[in-house]
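S.K.: Quick one: this structure, given as structure tokens, is what I'll be asking you about.
The values are calculated or read from the model by the stated rules, or taken from the named source; none is laboratory data. In this text, all values refer to a predicted model and were calculated from it rather than measured experimentally. Backbone-built Cβ (ideal geometry, glycine too); neighbour counts: all protein chains shown. Only protein heavy atoms, including side chains, enter the accessible area calculation; ligands, DNA and RNA are left aside. Shrake-Rupley method; radii C 1.70, N 1.55, O 1.52, S 1.80 Å.
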2 protein chains.
Amino acid sequence: MARATRERILEASSELFRHQGFAGTGVKQIVAEASAPFGSIYHFFPGGKEQLGEEVIRSSGALYGQLIELFFTPGCDPVAATRAFFAGAAQTLIETGYADACPIATVALEVSSTSEPMREACAEVFESWISATAERLREAGLGRARSRSLAISMLCSLEGAFVLARAQRSTEPLAAAGAAAAAGVRDALAAGRAARRRRPHSAQ
Amino acid sequence: MARATRERILEASSELFRHQGFAGTGVKQIVAEASAPFGSIYHFFPGGKEQLGEEVIRSSGALYGQLIELFFTPGCDPVAATRAFFAGAAQTLIETGYADACPIATVALEVSSTSEPMREACAEVFESWISATAERLREAGLGRARSRSLAISMLCSLEGAFVLARAQRSTEPLAAAGAAAAAGVRDALAAGRAARRRRPHSAQ
């Protein structure tokens with residue numbers, strides 16, 4: 001039961017933070033949404049709202065990481081996976097009235113200059129997403145540095161598309177950014193294959 | 001003097017909102033930073049903090065639009081302009097301790113699901129930046145639809161890179177996203193030139 005209450009607080013906070021931000025969400029609203037007693041926040045999160053924020057970033061970041069791994073599976077075609085991921089994100093935005101996008105971006109922008117523990121949690125989550133995607137690009141034949149920079153630029157495209165799509169209430173940014181990201185992956189893989197044909201025995 | 005106070009309130013708010021968000025910034029902090037009397041906010045912005053927010057989005061959005069136009073000048077090389085813009089943004093982040101990035105993105109994510117007037121102001125600002133960049137791409141020889149989608153994907157890359165760079169306190173995301181964006185522009189221009197060579201008398 002205690003476990004359930006803690007989970008409900010984390011889930012309600014995650015939803016509220018991604019829709020309206022960290023500062024704009026009050027503890028009262030969180031306990032109301034979570035059907036939890038007011039004091040339970042400080043029972044489960046003795047460090048208060050900042051500790052709750054940090055845990056929400058890590059837990060919702062891990063969940064979203066699992067979503068990324070559902071698309072970017074071992075042995076997948078990274079071009080098709082990129083297209084499908086952006087298309088799925090657009091569909092989710094439509095279905096949620098342009099509310100559900102990145103689970104941590106709103107908080108990341110709010111706290112990057114004001115809370116070191118929360119900023120670090122965001123940085124670690126972004127890093128985990130980059131590593132997971134870069135790993136798939138490596139398996140598809142790209143060198144380590146190229147895989148990393150491509151994974152970063154894909155994530156930047158996605159995060160920025162979420163900012164624009166939510167403000168413009170349109171999936172056009174996800175379509176444009178998704179097409180550009182998929183083209184970037186396609187070209188990088190083609191360049192990698194061409195380099196391997198030229199130098200069949202050397203790494204890229 | 002009244003004009004000066006109003007401007008100081010707008011400038012202080014713009015700075016505070018971009019660093020710590022809209023909800024995280026109190027009216028007391030704004031008047032203190034602006035050296036303005038407390039009541040002056042409601043004198044100049046009778047609609048209160050939401051009206052102030054809307055005006056800050058429009059005014060800081062217009063200023064940033066001028067910055068975009070400093071890089072993407074009529075007749076510029078859009079590839080070089082893209083590289084220079086991302087490099088300049090990285091430099092600004094370093095110089096400001098990773099605080100100064102997009103003037104409206106933090107607020108955009110916070111208010112997109114909670115304030116229609118502020119969301120609409122953000123949407124209009126993003127649209128103005130897209131139009132200005134697309135115009136330069138048109139002049140460089142791209143078709144209307146291609147210019148627009150490319151301008152959108154460039155802006156998405158930049159906005160997402162700001163999210164990651166501020167959280168990670170690193171310019172790596174701007175370097176990766178900037179290189180990908182410049183490559184996208186280069187390839188689009190090359191494809192446009194190739195299409196014009198094949199069909200010299202038809203539009204792309």
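S.K.: When you go through A:T106, A:T171, A:T114, A:T133 one by one, which is the residue that is in contact (Cβ under 8 Å) with a residue 40 or more places away in the chain and at the interface with chain B (Cβ under 7 Å from one of its Cβ atoms)?
M.R.: Exactly one residue qualifies, and that residue is A:T106.
S.K.: Applying the selection to the stretch A:126-155, what residues are open to solvent by less than 10 Å² (accessible area, probe 1.4 Å), of a type in the set (A, V, I, L, M, F, W, C) and closer than 18 Å to B:S170 by Cβ?
M.R.: Those that are open to solvent by less than 10 Å² (accessible area, probe 1.4 Å), of a type in the set (A, V, I, L, M, F, W, C) and closer than 18 Å to B:S170 by Cβ: A:F126, A:W129, A:I130, A:L150, A:A151, A:I152.
S.K.: Taking only the stretch A:1-20 into account, find how many residues are more than 21 Å from the chain's Cα centre (by Cα) and within 14 Å of chain B (Cβ to nearest Cβ).
M.R.: Residues in the stretch A:1-20 being more than 21 Å from the chain's Cα centre (by Cα) and within 14 Å of chain B (Cβ to nearest Cβ): 0 in total.
S.K.: Scanning the stretch B:97-113 for residues that are modelled with pLDDT of 95 or more and open to solvent by 10 Å² or more (accessible area, probe 1.4 Å), which turns out farthest from B:M154 (Cα to Cα)?
M.R.: Ranking the candidates gives B:G97 first.
S.K.: Follow-up question, since we're still on this one. Take the conditions more than 16 Å from the chain's Cα centre (by Cα), over 30 Å from A:G178 (Cβ atoms), within 14 Å of chain B (Cβ to nearest Cβ) and part of a loop (DSSP other than H, G, I, E, B) and apply them to A:A23. Does it pass? It would help to see each step written out before you state the result.
M.R.: On the way: more than 16 Å from the chain's Cα centre (by Cα): yes; over 30 Å from A:G178 (Cβ atoms): yes; within 14 Å of chain B (Cβ to nearest Cβ): yes; part of a loop (DSSP other than H, G, I, E, B): yes.
Criteria met by A:A23.
S.K.: Could you list all residues from the stretch A:33-59 that are within 23 Å of A:A108 (Cα to Cα), of a type in the set (A, V, I, L, M) and more than 24 Å from the chain's Cα centre (by Cα)?
M.R.: A:I41
S.K.: Also, I was wondering about something else. Name, by its number, the condition in (1) at pLDDT 95 or above; (2) surrounded by fewer than 22 Cβ atoms within 10 Å (Cβ to Cβ) that does not hold for B:R119.
M.R.: Just one mismatch for B:R119, condition (2).
S.K.: Six or more apart or on different chains, Cβ atoms under 7 Å: show the pairs whose first residue is in the stretch B:182-204 and over 16 Å from B:A134 (Cα atoms) and modelled with pLDDT of 90 or more and whose second is open to solvent by less than 50 Å² (accessible area, probe 1.4 Å) and assigned to a loop (DSSP other than H, G, I, E, B).
M.R.: Close Cβ pairs satisfying both conditions: B:R193/B:G141.
S.K.: Could you list, in sequence order, all residues of the stretch A:136-156 that are in contact (Cβ under 8 Å) with a residue 60 or more places away in the chain and at the interface with chain B (Cβ under 7 Å from one of its Cβ atoms)?
M.R.: Scanning the stretch A:136-156 gives no hits.
S.K.: Which residue out of B:A99, B:A87, B:A105 is under 16 Å from the mean Cα position of the chain (by Cα) and within 28 Å of A:S170 (Cβ to Cβ)?
M.R.: Being under 16 Å from the mean Cα position of the chain (by Cα) and within 28 Å of A:S170 (Cβ to Cβ) holds for just one of B:A99, B:A87, B:A105, which is B:A105.
S.K.: If I ask for residues that are open to solvent by less than 30 Å² (accessible area, probe 1.4 Å) and free of Cβ contacts under 8 Å to residues at least 60 places away in the same chain, which ones from the stretch B:64-96 would you list?
M.R.: B:A81, B:G88 - these are the residues of the stretch B:64-96 that are open to solvent by less than 30 Å² (accessible area, probe 1.4 Å) and free of Cβ contacts under 8 Å to residues at least 60 places away in the same chain.
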